[in-house]
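Please treat every number below as a calculation from the coordinates, not as lab data. A quick note: this is a predicted structure, and the numbers were derived from the prediction, not measured. Here the Cβ positions follow ideal geometry from the backbone for every residue, glycine too, while neighbour counts run over all protein chains shown.
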Amino acid sequence: MKLLRKPGAIAVAALALAVLPGAASAHDGDQPFENCTEAYAAGYANIPEGDEHYGSQLDRDGDGIGCDRPPADFEPHDDDAAAAAADDATGKKDRDLAETGGGDTTVYLAAAGSAVLLTGGALVASARRRRAMR
């Protein structure tokens, strides 16, 4: 009986550790702007929730859009100019997708890992069912 509890606990702990990095990155502490004045000065306005520049301190009315009342003399940040400067420095012109390091086999590896976890869960469940029948 104790033998089946240990692998089950290990599987739950491994699953929790796999989910932990995704949950840990969803914090609200690393925004580049302390207030909308700083955001406007840097050329950012109407910052949607989920954007890397968004912070709850920028969204006083709680509608999911930060700094949504720019001043009359506001000039937006020019992302195209920054990208063009980066292209000139690196010699690359293709900005369609980020390079993540994943290959063609990533999907198959993920599917195989999922199959192993499901099989292990099924084995543990059937062993418990057999033990309960005794």
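Tabulated results
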read-out	value
Phi-based couplings in Hz for the stretch 42-47 (Karplus 6.51, -1.76, 1.60; Gly and Pro marked x)	7, x, 10, 8, 6, 7
Contour excess over end-to-end distance, with Cα ends at Ala125 and Ser56 and 0.36 nm allotted per residue	20.4 nm
Other-chain or far-sequence residues with amide H under 5 Å of Asp51's (modelled H)	none
³J(HN,Hα), Karplus 6.51/-1.76/1.60, whole Hz, each residue of the stretch 116-124, x for Gly, Pro	5, 5, 5, 5, x, x, 5, 5, 5
Net charge over other residues, Cβ less than 11 angstrom from the Cβ of Ala45 (K, R count +1; D, E count -1)	-1
